[in-house]
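> Supplied in structure tokens, the structure appears directly below.
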Amino acid sequence: MAYLLGEKVEDVMCNTTKGVTGLYDYIGDSWCCLFSHPGDYTPVGTTELGEMARLAPQFDSRGTKVIALSCDHLANHQGWIQDVKAATGFDVNFPIIADPGRDTAAQLKMIKMEHRGADTRGLPRTVRAVLIIGPDKKVKASMQYPLSVGVNFFEILRLLDALQVSSAESVHTPVNWVKSQDVIVSPDMPTDAALEKPTFQQGLRIIDLPSRKEYLRITPDPTTAADEEEEAAAEA
């Protein structure tokens with residue numbers, strides 16, 4: 001069974017291409033994107049590693065560490081990394097967990113029952129999965145994909161932006177939201193309190209609805225204003 005939202009991930013010891021580390025030590029006070037593959041030298045996984053390598057600076061700018069997991073040996077990981085570079089043109093500089101015995105995958109709840117006996121040794125394969133883990137080591141988002149479908153890392157970045165803005169401020173994000181677009185004031189915050197909140201001073205619009213209920217309250221993305229203030233201070 002996969003992790004539930006809000007559940008704390010286990011602090012597993014990871015043997016990776018960058019050395020041995022505890023998962024908590026690796027995450028530290030950062031956010032983390034942990035994603036898994038069914039095995040090395042897989043075509044979809046090769047494209048995923050290359051794309052994540054290309055987008056790594058985007059994750060870095062969001063204070064997010066990246067770590068992958070594949071059910072194979074370190075030596076195979078190193079060879080696969082060379083294939084990824086040849087196929088995509090990008091170096092994989094984030095760690096890949098080696099898990100030939102599936103112990104780490106089992107601890108991280110990344111094994112599906114229907115994948116048991118899937119490889120030549122009769123061992124189960126991991127699902128193609130993504131976990132977004134917060135600095136508190138709790139699962140903020142969890143996604144699983146069929147083996148035939150690659151991850152859309154642009155959506156992962158969008159999701160990460162939404163999670164970070166909602167964790168920093170009392171806001172929710174509407175359908176198809178991307179960073180810098182307007183957000184929705186959380187239903188848990190009374191309108192009077194929202195009007196007094198400094199981060200909502202850019203403007204708060206209450207949508208007039210037939211029900212006459214004031215539950216759809218729109219405000220500019222407060223993190224965009226904070227980013228602009230930081231840039232202005234840096235230029236001063």
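Quick note: the coordinates plus some simple rules give every number you see, no bench work behind them. Bear in mind that the values here come from a model prediction, so they are computed numbers and not experimental data. Virtual Cβ from ideal backbone geometry, glycine too; neighbours counted across all protein chains shown.
> Out of residues 5 or more away from Asp40 or on other chains, whose amide H comes under 5 Å of its own, with H placed 1.01 Å from N in the peptide plane?
The list, which skips near neighbours in sequence, is Cys71.
> Quick one: work out the % antiparallel among DSSP beta bridges in the chain, nearest 5.
70 percent
> Could you give me the ³J(HN,Hα) list for segment 170-182, computed from phi with Karplus coefficients 6.51, -1.76, 1.60 and θ = phi - 60°, whole Hz, x at Gly and Pro?
3J(HN,Hα) across segment 170-182, in whole Hz: 7, 9, 10, 10, x, 4, 6, 4, 10, 3, 5, 7, 4.
> Considering only Ile97, Tyr26, Gln107, whose Cα is most displaced toward the positive end of the charge dipole of segment 13-151, charges sitting on Cβ of Lys, Arg (+1) and Asp, Glu (-1)?
Of the listed residues, the answer is Gln107.
> Next question. Tell me, what are the semi-axes, in whole angstrom and largest first, of the equivalent ellipsoid of segment 13-151 as set by the roots of 5 times the Cα gyration tensor eigenvalues?
21, 18, 14
> Residue separation times 0.36 nm, minus the C-alpha to C-alpha distance between Ala87 and Asp103: what's the value?
Going from the current span to full extension adds 2.8 nm.
> Of Gly50, Asn76, Ala2, whose Cα points farthest to the positive end of the dipole of segment 1-100 (charges on the beta-carbon: +1 Lys, Arg; -1 Asp, Glu; origin at the Cα centre)?
Of the listed residues, the answer is Gly50.
> Around Val171, which amide H atoms from residues at least 5 apart in sequence, or from another chain, sit under 5 Å from its own amide H, with H modelled in the peptide plane?
Correct list: Ser186.
> Just grab the label-to-label distance for Glu155 and Leu195, each label 7 Å out from Cα along the Cβ direction, in nm (one decimal).
If labels sit at Glu155 and Leu195, their model points lie 4.0 nm apart.
> If Lys and Arg each add +1 and Asp and Glu each add -1, what is the summed charge of the other residues whose beta carbon sits under 12 Å from the beta carbon of Val178?
Its environment carries a net charge of -2.
> So which of Lys8/Lys213; Lys109/Lys213; Lys140/Lys197 end up more than 32 Å apart by C-alpha?
Pairs exceeding the cut-off: Lys8/Lys213; Lys109/Lys213.
> Please compute the net charge surrounding Ile81, taking Lys and Arg as +1 and Asp and Glu as -1 over other residues with Cβ under 12 Å from its Cβ.
Once positives and negatives cancel, what remains is -2.
> Here's something else I'd like to know. From the phi angles alone, apply the Karplus equation (6.51, -1.76, 1.60; θ = phi - 60°) to segment 39-46 and give each ³J(HN,Hα) in whole Hz, x where the residue is Gly or Pro.
Ordered by residue, 3J(HN,Hα) equals x, 6, 6, 9, x, 5, x, 4 Hz.
> Additional query: Using only the alpha carbons, work out the radius of gyration and Dmax of the chain in angstrom.
Every Cα atom of the chain included, Rg and Dmax give 20.5, 64 Å.
> Of the listed peptides 69-77, 193-201, what is their order by residue-averaged count of other C-beta atoms within 10 Å, with the highest listed first?
69-77, 193-201
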